[in-house]
1. Distance between the C-alpha centers of region 41-63 and region 164-225? Whole Å please.
2. Only helical DSSP H runs with n ≥ 4 go in: add -39500 (n - 2.57) per run for the chain, normalise by residue count and round the 222 nm mean residue ellipticity to 500 deg cm²/dmol.
3. Of the listed pairs 123/177; 108/212; 3/39, which have alpha-carbon separations greater than 23 Å here?
4. Express in nm, to one decimal, how much length is gained between residue 133 and residue 1 on full extension, taking 0.36 nm for each residue of separation and deducting their alpha carbon distance.
5. Treating only the Cβ atoms of Lys and Arg (+1) and Asp and Glu (-1) as charged, compute the dipole magnitude of region 85-221 about its Cα centre; round to the nearest 20 debye.
6. Taking the Cα centre of region 1-85 as the origin and placing charges on Cβ (Lys, Arg +1; Asp, Glu -1), which of 18, 79, 32 is farthest toward the positive end of the dipole?
7. Need the list of aspartates and glutamates near residue 204 for cross-linking: C-alpha distance under 17 angstrom, and skip anything on the same chain fewer than eight residues off.
8. Only one of the listed values, (1) 17.4, 55; (2) 17.0, 58; (3) 17.1, 51, was derived from the coordinates as Rg and Dmax of the Cα atoms in Å; which label is it?
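Every number in this text was worked out from the coordinates using simple rules, so none of it is lab data. Predicted, not measured: the structure shown is a model, and the values here were computed from it. Glycine also receives a Cβ, built like all others from the backbone with ideal geometry; neighbour counts cover every protein chain displayed.
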Amino acid sequence: MEKHEQLYSGKAKSVYSTDDQNLLVMHFRNDTSAFDGKKVAQLDRKGMVNNKFNAFIMEKLTAAGIPTHFVKRLSDEESLVKRLQMIPVECVVRNIAAGSLCRRLGVKEGIDLNPPTFELFLKNDALGDPMINESHVRSFGWASEEQVAAMRELTFRVNDVLKQLFLGGDMLLVDFKLEFGLTAEGELVLGDEITPDGCRLWDKNTREKLDKDRFRQDLGNVVEAYEEVGRRLGIQL
């Protein structure tokens, strides 16, 4: 598989075309950012850790019957993925109150949410990824009613798999966001990474934060925390 031109460069990943029009190379960089790019840094080993972490999670989801864009890991920092027509909507599940939910609703961090909440956000950095509802999605044509229902169902299936997976390593899955897209055949699949960059993870017993909040809140040892999560899951980093 030959890597060609760069098609996209985001906050922490770059995407390249290949000699197969339906496949792309995703490169996990050492860059990290928070607060819509207002806080940025380079963290050694982060690209490698996230790439291997994501590959491990994607293989678990595939084994559970959840369709994803992931094909295989190519190297320490690169993976092969399917080219998708992305739906510009982020799906967020929250199992425990944290982050923007606490700021919006004035609730205390750490409250268990039963049942978990499901929220939608428009993927638009310039607007700060505003919160939207299913009516907005349908009215503006971002996704069909059937696609929204499928995204919701798949998001909760991912939640069920990951909650148990992390619980096995004495960790709590606080919340996470997912994006979806359509393959060349029109199949709706998960088109996102799943790493400590995109989900909140706490130690089950101490509630120590083991995710990107360590960077957001200047807690330090960001990559070390990611590696600890990987170690608990048995990932060879």
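1. Their Cα centres are 10 Å away from one another.
2. The helix-only estimate for the chain comes to -9000 deg cm²/dmol at 222 nm.
3. 3/39
4. Numbers: separation 132, 0.36 × 132 = 47.52 nm, distance 4.01 nm.
Value of the extension gain: 43.5 nm.
5. Details: 17 positive and 24 negative charges, 111 e Å.
Around 540 debye, computed over region 85-221.
6. 32
7. Filter leaves 109, 112, 160, 170, 175, 213, 227, 228.
8. Checked against the structure: label (3).
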